[in-house]
Amino acid sequence: MNLTHSLKTTALFLLACIALVPGDLLACPFCNAVSQTLRQEMAAMDAVVFAVSLQDATERDSETGKLQMKVVQVLKGSDLVKVGDEIEAIYYGDVSKGRRFMLSGVDPPQLQWSCLPVTERAESYIGKMTKIADDDLERLRFYYQFLQDDESMLARDAYDEFAIAPYDAVKKLAPEMDHGQLVKWITDPEMPTDRKRLYLTMLGVCGDQSDLEMLEKMLRSTSKSTRGGLDAMIACYLTLGGESGLGLINELFLANKQAPYADTYQAIMAVRFHGTEGDVIPRSALVESLHHVLDRKDLADLVIPDLARWNDWSQIDRLVDLFVNADPDNNWVRVPVVNYLRACPLDSAKEALKKIEKIDPESVRRANTFFSIPVPARDKGSSSSSNLYQSRDYLKIVA
């Protein structure tokens, strides 16, 4: 077994395991949060305060970096710290007297403080954030206005909040979205790919079929900057175009054997999203599109688990043929084929298993040893978008 084969087999094992883990769909199914949000960080702390430095860089302890500060507002932990308290925190950056910080403390009673320099505007942002009701829509309504803020910390935090919020909340926010502004952000060649993925997801919930022409031009473009976030772009196109949009996706990515591996893989991710979380296109149409991928021996193994989870048992003969004719360059397809047949309730699948076990008993043994029987999806809420992204990250190893 060569290294690529080994890595891909491991990746597929992780994919199969992850695909069965339930979870809540996130606002951006194709986004990864850059870091914990300020709200999440504050929730994990014992105390959070705003404080001002009582020293400049020349006056602090040169060996330890300890800086004397005075608490001016307590956001959390009023039983541990009071306004007016003087505390020590380690900070090695440039600082002048009166510089303001958000300090986060842990491990009382001797709190250990971490420092985040804040501007007056950031202070206002954090203060308002702490007063938002525990409601996903209210939170997104607040963060929406900071998505492209000039202050990078606020823009990053707002993006991360959208990346972790429930998809239902972002759909409810749709009437308040600025469609024209979203289109400008999406078509900006300088827009970072992670942001573009979020804005395409948002366009999917607030746009309409008039956006399809623009999206098709982007999908057909050969410009790397134009097609950044291709998975989210395809998902957006299918959300707005519905089942009829599959024709273009088949043409460009799924049935096109000349399409690059990465492009076809992102199209698979978009189809997987619609099959597990979307409510626009019936699975019967989606699996027909995935059938095209079975013609590519370098990609066929990626869609077999989806066919099983979506109860598509029409491909038994085709998958047996893939198993029988697998060569050293794609013999990792054998374990997914075994799992498909194990999950299939038809007698023909049981007969097929007996046939292929005679050809390669080791692949059958591995499937039985390391994989539980795939669970067919009963509804479109069985798999979270974060799980989709984890599986994709694993498969980047061999992309």
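Derivation of every value follows stated rules applied to the coordinates shown; laboratory data play no part. It should be emphasised that the depicted structure is a prediction, and the values quoted were computed from it without experimental measurement. No Cβ is skipped: glycine too gets one built from the backbone with ideal geometry, and neighbour counts run over all protein chains shown.
Structure notes:
- Over 26 Å between alpha carbons, listed pairs 131/184; 184/224; 217/297: 131/184; 217/297
- Protection-proxy order for peptides 54-65, 359-370, each taking the mean of Cβ atoms within 10 Å per residue, highest first: 359-370, 54-65
- Set of lysines near residue 66 by C-alpha distance (under 28 Å), chain-local residues within fewer than 8 positions excluded: 76, 82, 97
- Protection proxy ranking of 153-160, 231-238, 215-222, 319-326 - average other beta-carbon atoms within 10 Å, highest first: 231-238, 153-160, 319-326, 215-222
- Shape of the stretch 116-159, Cα gyration tensor, a/c cut at 1.5: oblate
- Rounded to the nearest 10 degrees, the angle from helix 334-343 to the longest Cα principal axis of the chain is 90 degrees.
- Gyration tensor (alpha-carbon) shape descriptor, the stretch 120-188, a/c threshold 1.5: oblate
- Angle between the chain longest axis and helix 347-359 axis [Cα atoms, degrees, rounded to 10]: 90
- Computed [θ] at 222 nm, helices only, for the chain once each DSSP H run of length n ≥ 4 contributes -39500 (n - 2.57): -14500 deg cm²/dmol
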